[in-house]
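I have placed the structure first, in the form of structure tokens, so that the comments after it can refer back to it.
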Amino acid sequence: MHAALLDLYALTRPELTALFARWEFSPVHVARLWNYLYWECADSLSAMPKLPAKVRRRLAAETRLGVLPTALETDSSDGFTRKYLLTLADRANIETVLMRFTGRVTACISSQVGCAMGCVFCATGQMGYTRHLTPGEIVAQAMHVQRTLRPHRQRLRNVVLMGMGEPLHNYEAVMQAVDILRDTNGLALGAERITLSTVGVVPGILRLAREKRPVHLAVSLHAATQAARAALVPVAQKWPLDELIGACRTYSQTTGRRIFYEWALIEGKNDSAADARAVGRLLHGLPAQVNLIPLNPTAGYAGVPSRSEAAKRFQHILAEEFKLPSTVRQRRGLDIAAGCGQLAVR
Ligand code: SF4
């Protein structure tokens, strides 16, 4: 595989149209190619017989299709989660997860190899940062999931950028991939269907707001005071909690969107009644939903997940005292190490 060749998965439909115009090929062939890529999930040019030979020859000479081979595939015992370890052209591995909850099929995809944010409880953070993914490598993960669904006449309905990496640290590539995933003649994922999860990269949140990007935003909070948050999420030293909340307020005011606030529940660390009240006060007046996720244990961090009684108490306080909606996420797929980065570390 020649990584230097243009990856077809990295191109929006207008970019592909411009390329074909330069090559003096009819726009009809763009429509056919796009259909092969995003409807038929073709995995090679040889699986595109309706493209004329001269078009395929030119594509073969100057482009590549960045389909990602699977190094490892594991199913959780409850059948709700399938995790793929996919291999990039430079032999690095990334994780993509297919999740089936309440009938919805969601792909959790990665935006970087490793991560520079260093959250202490996260397997990817413990790996460190290697590089950004390209737009094509991000799109290829969604297409990998869609290709596995197609024989079952199912379609990918949701994408969450919650896999390895901090998506707002790789802003340009992620937004290019979002544009491709949203294309109405392709996967056609609506604004409500793509969620980007950040650990609190303030300039990225403000840019999302300015550009009114059609995505949902999830912000990993994990602690409601600056000192406690900085101990879990080192990036909080650069972008303190008050700045983060200010950026979230701007984002919600500008876009009219509610933000999901993620809270990894760690026993004895951030799961007390006082912690719940601190969250309630912090998010007061903001359009918010809190997602409580019992911690995924990792080898590099001693913390353990909160018990279900603590999670219920937390949720009850948010609802009763602050009228703040919340969910407690199931830690599905734990037996396949479905916390981000855990398969790659292994
Ligand atoms: S939790 Fe997300 S942002 Fe933090 S280190 Fe892990 S991948 Fe990076």
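The values are calculated or read from the model by the stated rules, or taken from the named source; none is laboratory data. The structure displayed is predicted, hence computed values, not measured ones. Note that each Cβ is placed from the backbone with ideal geometry, even for glycine, and that neighbours are counted across all protein chains shown.
Numbers for the structure displayed
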{"read-out": "Count of residues meeting criterion [within 14 Å of the ligand (Cβ to nearest atom) and either of a type in the set (Phe, Trp, Tyr) or farther than 18 Å from LEU318 by Cα (or both)] in segment 219-241", "value": "11"}
{"read-out": "Evaluation of GLY285 against (1) in a helix (DSSP H, G or I); (2) free of Cβ contacts under 8 Å to residues at least 40 places away in the same chain (one fails), failing number", "value": "(1)"}
{"read-out": "Candidates GLY268, GLY200 - the one that is within 16 Å of the ligand (Cβ to nearest atom) and outside any helix (DSSP H, G or I)", "value": "GLY200"}
{"read-out": "Lone qualifier among ALA61, ALA71 - being small (Gly, Ala, Ser) and outside any strand (DSSP E or B)", "value": "ALA61"}
{"read-out": "Any chance GLY128 is in the same structural domain as ILE194 (by TED's automatic domain parsing), within 13 Å of the ligand (Cβ to nearest atom), surrounded by fewer than 16 Cβ atoms within 10 Å (Cβ to Cβ) and at pLDDT below 95", "value": "yes"}
{"read-out": "Which numbered condition ILE194 fails, given (1) under 17 Å from the mean Cα position of the chain (by Cα); (2) at pLDDT below 95", "value": "(2)"}
{"read-out": "Selection count where residues are more than 17 Å from the chain's Cα centre (by Cα) and in a helix (DSSP H, G or I), scope segment 120-135", "value": "2"}
{"read-out": "Segment 43-73, residues that are in contact with an Asp or Glu (Cβ under 9 Å, 6 or more places away or on another chain) and surrounded by fewer than 16 Cβ atoms within 10 Å (Cβ to Cβ)", "value": "ALA47"}
{"read-out": "Pairs, first more than 6 Å from the ligand (Cβ to nearest atom) in segment 113-125, second of a type in the set (S, T, N, Q) and assigned to a loop (DSSP other than H, G, I, E, B), C-beta under 9 Å, six or more apart", "value": "PHE121/ASN296; PHE121/THR298; ALA123/ASN296; ALA123/THR298"}
{"read-out": "Those residues of segment 98-116 which are crowded, with 24+ Cβ neighbours inside 10 Å and either among the small types (Gly, Ala, Ser) or part of a loop (DSSP other than H, G, I, E, B) (or both), in sequence order", "value": "ALA107, ILE109, SER110, SER111, CYS115"}
{"read-out": "Among residues of segment 4-21, those that are exposed (fewer than 14 other Cβ atoms within 10 Å of the Cβ) and either aliphatic (A, V, I, L, M) or assigned to a loop (DSSP other than H, G, I, E, B) (or both), counted", "value": "3"}
{"read-out": "Residue satisfying condition, being modelled with pLDDT of 95 or more, closer than 28 Å to GLN289 by Cβ, surrounded by fewer than 18 Cβ atoms within 10 Å (Cβ to Cβ) and more than 16 Å from the ligand (Cβ to nearest atom), within set ARG207, ARG182, ARG155", "value": "ARG207"}
{"read-out": "Any pair with Cβ under 9 angstrom, 6 or more apart, that starts in segment 224-239 at a residue that is over 20 Å from ALA123 (Cα atoms) and ends at one that is of a type in the set (A, V, I, L, M) and outside any helix (DSSP H, G or I)", "value": "ALA224/LEU283; LYS238/VAL201; TRP239/VAL201"}
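Matching residues to (1) under 19 Å from SER220 (Cα atoms); (2) part of a loop (DSSP other than H, G, I, E, B); (3) in contact with a helix residue (DSSP H, G or I) (Cβ under 8 Å, 6 or more places away or on another chain):
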| site | (1), (2), (3) |
| --- | --- |
| ARG155 | no, yes, yes |
| ASN170 | yes, no, no |
| ALA177 | no, no, yes |
| LEU181 | no, no, yes |
| THR195 | yes, no, no |
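Listed here are the residues, each with its yes/no results for (1) out of contact with any helix residue (DSSP H, G or I) (no Cβ under 8 Å at 6 or more places or on another chain); (2) closer than 20 Å to ARG131 by Cα.
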position	(1), (2)
GLU15	yes, no
ARG22	yes, no
SER26	no, no
LEU33	no, no
SER77	no, no
LYS83	no, no
ASP90	yes, yes
LEU98	no, no
CYS119	no, yes
